[in-house]
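So the structure is just underneath, and the comments pick up after that.
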């Protein structure tokens, strides 16, 4: 026992000394002390330049590039020895990572210059060929003015120190692995371990006697060979990767250069080192290379055939997952996997999302139904390296959570192998390496390090590998990994709002594409040529813009110029498809009514359920001077004309179909007991609601549900019975301007709030519309240099209340002033409220604690007998705190884009009060209707082969929500997708208006999954599990 105790003390002392030496070597190569100034200067790189007035820092100085050019200078003086190691004649490399451009000078001479991201891990920059101890060198760094991020990681790599650190740290990690893994498993190995410890020379370490240190390390290595066979049973799968951010801190041209550079570099390294494997994600990256360098692309395809290059390109790009609609997530996989299969000849089973900012709990089902078994990610983990991630329907993927952009070192591979062995009792682990963000990939240094570590006896077996090989092996060793049944959120909550233009463009693009697909599908049933290629191209552009750094508002200004161009192309293309589809359908519809002189108006419903909704259409050129509106049963329809638009409520428009109304000459007024009223004092009233706006502040002080006899909003009166007195902080539709303190990562993170201002002064209200269909109250307010024009819209026959908001936003963030942010608040009158948020293909309940959280088109706050849904047309950041629900409208961070949101914004949101706890199906449908209004088209009187009213299908169950209708990619049938929303096992009944030959259940890739479903006439019954997404192939 005494001998063991003595050995343990000896080892402890040796490890302590080794840590001290390694720490000293690391510190000696850090560059922490600098002089700096933010100014445009000439000659600041010169040795004789006077920098006596510059500030000094001992850390990493932060700055905003938008504020101007930034300079740093310092002297480099190398002593003869560091930790006993001679520096004379040693080479010095500079390892610098500057996110937004840099020029590096040594002794006044420019060594290199980057306009954008600079990362010297992927290629060494030698600044000194041979050190001359005690000589003074001057290192100067110039960072350009412009968009981007301030900050710079800087250190030196001194060859002499690097070599000694490698030898010492490698033996140290071998000892750690033996101690923490092998000895924990087999106690009878202690005697062999004593021999290792006996070989260690503590005194040599203390005296920094390197000849003796190296000699003792060799002896220890020899003793460690006793553990070699056991150590090599453990395997670390080394997966090389290049993380390529699309247009983050650089323009598209630079992204193209990155893709070409990395593919070429890795291809050459593979030729030089046949054991090297590489994994590359994002089908869009491959397509860039295919178009720009076909020869290189063909060589890469050869590497893929050799099973050395793994395409992890199951998605088009590594897109944001919290803000993309469910159908958009499907297209990412549909087009990503189709490209990888057809063009690259591979079928990825892993979804690659290393840097994505959060992950919705519904995503495992989306992945599983697209043939994905495995998931790799870094952010928002649960401190579990490996786990089953399970969706509410029970679908699972095996997830691996780790850093990306790693470097191969003994410490890194031992760390992951030890963690996995300790926590899971398995012998396989995975480590991702390669320079990334601005690309880079595996480095020669990584490869050579791995080759050197292979020679060491007591390290795990290191294998250049694909990621899927690791996952497959992990499942062979073990199945019962921990199960996580929750979302992996949140992070970077500012990204849900920053750069409102890209958010608006995304929602608009998704809505237009879903509308175009549905209408083109309907038209194709009667001979219209379905525009497959145009729709696919438009979806790929939307998917590209969903890349996480772009969609999340954290890219530079030029990135959004490019993405704005893509979004405009999507808008023009889809609007053209919609117009062509409507024209084709209209030309085939029989529009003859009883009155041959009546003007037919066809109303189209692009959604998958029977629908009552508003129609607003330009008056026809040949409109009657007086007229009335009738439906197909000759019922009079109420309407009003506002700004040369006919406005009326269409009722019972069939799913994926249409119905006709007629404008008939002569005035007739329909009788209706339902009435609307509005007055100059801000009172608005319908059959359902009484709403009061306080005229001087523009806030809502009361919303009363007349039928339910319910005060919906929190009472804000100070004196009972005196509505003229109220607390504005308790009012609703309250616009509040927040000021965040200046902070780094301002686009990503919502910082500390130092000031809140209620935008309640100087409001003006006016009646803008007053008719039998709707009444509109206009509210105008100004603050600072900004202006808000808002319209509150109350309908006779719609249960929701709309807020159409135009904002001229001139609030600018800066490093000096902080970040302005605008939110709108509604204060509800509930007890024990429950908060629910829409996520792709579903919803999630979250604690009402005031955290900024992502949601798609709606959130809901309900108590047992009543609730309110807040719906939007382009926003994603929400808060619920107790009875308060808010929507974040705008933010103005100052980096990496200095002016991300300045300009005109048109924002729509609505509240939908409802009786009972959250009516899941109705809220979802109301939000879809708000985002995709009914379409209408005037048509001439004509005969036709299509009836005056038609709906393609009917899905009877209210807990099933249709998400999409399209032609199959192979043009052989129709795809219908829907999902269950109440958590109930359901027998769905689908009734088609057209003859069907078969109905087949497919996965999300439109591949047959089950036998043909039983058809009874045009009716089919389908079993659907709680929260399941179902995709059907309908064949005629």
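Can you tell me which residues in the stretch 202-230 are within 30 Å of residue 81 (Cα to Cα) and touching a residue at least 40 places away in the same chain (Cβ under 8 Å)? 202, 205, 206, 207, 208, 209, 210, 213, 214, 217, 220, 221 - these are the residues of the stretch 202-230 that are within 30 Å of residue 81 (Cα to Cα) and touching a residue at least 40 places away in the same chain (Cβ under 8 Å).
Conditions (1) free of Cβ contacts under 8 Å to residues at least 24 places away in the same chain; (2) over 17 Å from residue 713 (Cα atoms), marked per residue:
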position	(1), (2)
803	no, no
808	no, yes
815	no, yes
830	no, no
834	no, no
839	no, yes
842	no, yes
847	yes, yes
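If you go through the stretch 387-397 and keep only what is touching a helix residue (DSSP H, G or I) at 6+ places or on another chain (Cβ under 6 Å) and either under 25 Å from residue 243 (Cβ atoms) or at pLDDT below 95 (or both), you end up with 389, 397.
Of everything in the stretch 40-52 that is in contact with a strand residue (DSSP E or B) (Cβ under 7 Å, 6 or more places away or on another chain) and under 19 Å from residue 63 (Cβ atoms), the residue that is surrounded by the fewest Cβ atoms within 10 Å (Cβ to Cβ) is 41. The set of residues in the stretch 659-698 that are within 15 Å of residue 764 (Cα to Cα), loosely packed, with under 14 Cβ neighbours inside 10 Å and without any contact (Cβ under 8 Å) to a residue 60 or more places away in the chain contains only 681.
Picking from residues in the stretch 853-865 that are under 15 Å from the mean Cα position of the chain (by Cα) and in contact (Cβ under 8 Å) with a residue 40 or more places away in the chain, the one that is nearest to residue 841 (Cα to Cα) is 856.
Residue 26 falls short on exactly one of the conditions (1) within 26 Å of residue 205 (Cα to Cα); (2) crowded, with 19+ Cβ neighbours inside 10 Å; (3) within 37 Å of the chain's Cα centre (by Cα), and that condition is (2). When 978, 1027 are checked against the criterion of being in contact with a strand residue (DSSP E or B) (Cβ under 8 Å, 6 or more places away or on another chain), part of a strand (DSSP E or B) and buried (at least 21 other Cβ atoms within 10 Å of the Cβ), a single residue qualifies: 978.
Residues in the stretch 42-69 that are within 40 Å of the chain's Cα centre (by Cα) and either without any contact (Cβ under 8 Å) to a residue 40 or more places away in the chain or not in a helix (DSSP H, G or I) (or both): 12 in all. Among the residues of the stretch 109-127, the ones that are under 30 Å from residue 241 (Cα atoms) and assigned to a strand (DSSP E or B) come to 9 in all.
Scanning the stretch 988-1024 for residues that are free of Cβ contacts under 8 Å to residues at least 24 places away in the same chain and either in a strand (DSSP E or B) or more than 32 Å from the chain's Cα centre (by Cα) (or both) yields 1010, 1011, 1012, 1013, 1014, 1015, 1016, 1017. When 705, 688, 631 are checked against the criterion of being in contact with a strand residue (DSSP E or B) (Cβ under 9 Å, 6 or more places away or on another chain) and within 30 Å of residue 514 (Cα to Cα), 631 stands alone in meeting it. Scanning the stretch 267-281 for residues that are touching a helix residue (DSSP H, G or I) at 6+ places or on another chain (Cβ under 8 Å) and surrounded by 19 or more Cβ atoms within 10 Å (Cβ to Cβ) gives 270, 276, 278, 279, 280. In the stretch 592-605 there is at least one residue matching the filter, namely being at pLDDT 95 or above, in contact with a helix residue (DSSP H, G or I) (Cβ under 7 Å, 6 or more places away or on another chain) and crowded, with 23+ Cβ neighbours inside 10 Å. Could you tell me whether the stretch 27-34 includes any residue that is at pLDDT 95 or above, assigned to a helix (DSSP H, G or I) and on the phi < 0 side of the Ramachandran plot? Yes; the residues of the stretch 27-34 include at least one that is at pLDDT 95 or above, assigned to a helix (DSSP H, G or I) and on the phi < 0 side of the Ramachandran plot.
Scanning the stretch 580-591 for residues that are surrounded by fewer than 18 Cβ atoms within 10 Å (Cβ to Cβ) and touching a strand residue (DSSP E or B) at 6+ places or on another chain (Cβ under 9 Å) returns 583, 588, 590.
For the stretch 227-239, the criterion of being closer than 30 Å to residue 552 by Cα and in contact with a helix residue (DSSP H, G or I) (Cβ under 7 Å, 6 or more places away or on another chain) is met by at least one residue.
Exactly one residue out of 555, 538 is in contact (Cβ under 8 Å) with a residue 12 or more places away in the chain, within 29 Å of residue 117 (Cβ to Cβ), within 28 Å of the chain's Cα centre (by Cα) and buried (at least 18 other Cβ atoms within 10 Å of the Cβ), and it is 555. When the test is whether a residue is in contact with a strand residue (DSSP E or B) (Cβ under 8 Å, 6 or more places away or on another chain) and either assigned to a strand (DSSP E or B) or farther than 30 Å from residue 389 by Cβ (or both), residue 275 passes it.
Scanning the stretch 453-467 for residues that are in contact with a helix residue (DSSP H, G or I) (Cβ under 7 Å, 6 or more places away or on another chain) and assigned to a loop (DSSP other than H, G, I, E, B) returns 456, 457, 458, 459, 460.
Residues are listed down the side, and each one gets a yes or a no for (1) assigned to a strand (DSSP E or B); (2) in contact (Cβ under 8 Å) with a residue 12 or more places away in the chain; (3) within 23 Å of residue 22 (Cα to Cα):
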{"position": "399", "(1), (2), (3)": "yes, yes, no"}
{"position": "404", "(1), (2), (3)": "no, yes, no"}
{"position": "408", "(1), (2), (3)": "no, yes, yes"}
{"position": "411", "(1), (2), (3)": "no, yes, yes"}
{"position": "414", "(1), (2), (3)": "no, yes, yes"}
{"position": "418", "(1), (2), (3)": "no, yes, yes"}
{"position": "421", "(1), (2), (3)": "no, yes, no"}
{"position": "430", "(1), (2), (3)": "yes, yes, no"}
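Can you confirm whether residue 963 is outside the structural domain of residue 870 (by TED's automatic domain parsing) and under 23 Å from residue 686 (Cβ atoms)? It is false that residue 963 is outside the structural domain of residue 870 (by TED's automatic domain parsing) and under 23 Å from residue 686 (Cβ atoms). Of all residues in the stretch 337-367, those satisfying the criterion of being part of a helix (DSSP H, G or I) and closer than 21 Å to residue 306 by Cα are 337, 338, 339, 340, 341, 342.
The values are calculated or read from the model by the stated rules, or taken from the named source; none is laboratory data. Not measured: the values here are computed from a predicted model. Methodologically, a virtual Cβ is constructed for each residue, glycine included, from the backbone with ideal geometry; neighbour enumeration extends over all protein chains shown.
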